[in-house]
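Here, each number is a calculation from the coordinates, and none is a lab measurement. The structure displayed is predicted, hence computed values, not measured ones. Cβ placement follows ideal geometry from the backbone for every residue including glycine, while neighbour counts extend to all protein chains displayed.
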Amino acid sequence: MNIYCIIPTYNEEAFISLTLESIVTQTYLPKKVVIVNDNSTDGTQNIIDYFSEKHPWITSVYNASENKHLPGSKVIRAFQKGFDSIDNQFDIIIKLDADLILPTNYLERIVEVFQSNPRIGMVGGFAYIEKNGDWILENLTDKDHIRGAFKAYRKECFEEIGGLKPAMGWDTVDELLCRYYNWKIVTLPELKVKHLKPTGAIYDTTARYKQGEAFYTLGYGLTITAIAALKLAIRKGKPLLFIDYVKGFFKAKSKQKTLLVTKDQAKFIRNYRWKKIKSKLI
């Protein structure tokens, strides 16, 4: 299966060489890697050029975006810039962050899983972060969720869900739409991805409001939003984030933000979320 990887990157000179080294040493190599330099101001491009010279299947494009980092929209617009530059001769498309170290068999293993069942639409491992010299699970999500840092999609699934949405919550709505269209999602605990920069490390208060906005645009409604907000705030070890998330929900509601999904999809999403909530209470 042909794998294409797209890596949005912004000022990642401290980590991107480790990410690229973990890609070029894979037991199953991708056909193409496109790195989107999202207006970096450090030495990121020099590192990209070094790897491109050694590996012709690694290329880069430049995206002249704003320097301000907001979760969701900036990274996916950069991803789309890379996606627009490729042909359609891929079987698997992977969105990767530029601060990861993949295990050497990562791509080989996900190909095996995709080949095992034509209805598997998404595959991924688990993120680990360094704490006191040990690599521990970055436990921010359920075990059936693939982190946005390393999303792998079967081409047909990617096309049916309409690609990636340039908004906070893109890495949740993709999986919900995947299920809506009856695709399967597979997570592989044995694939331990080292995440060198913990999620949300540079988000400000405005960005935290975006999480609540995401809950609204996913069609969750207030009750599911409150449950999801409390759960996420506790997992992050910052219970007061719950307030920012709920404020973000009401800000989006007052502005009547456009949903990321249709009415039918929103209904499916609420039913799916309630089933998951109830299953954990029984």
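Points to keep in mind about this one:
- Crossing angle, helix 106-116 versus the chain [Cα axis fit, 0-90 degrees, rounded to tens]: 70 degrees
- The simple spin-label model puts a point 7 Å past each Cα toward its Cβ; for Thr59 and Leu140 those points are separated by 3.1 nm.
- Charge dipole (the chain, unit charges on Cβ, about Cα centre) - positive-most of Asn88, Leu259, Val34: Leu259
- Overall, the stretch 219-282 carries a charge dipole of about 80 debye about its Cα centre when +1 sits on the Cβ of Lys and Arg and -1 on the Cβ of Asp and Glu, all other atoms neutral.
- Shape of the stretch 205-281, Cα gyration tensor, a/c cut at 1.5: oblate
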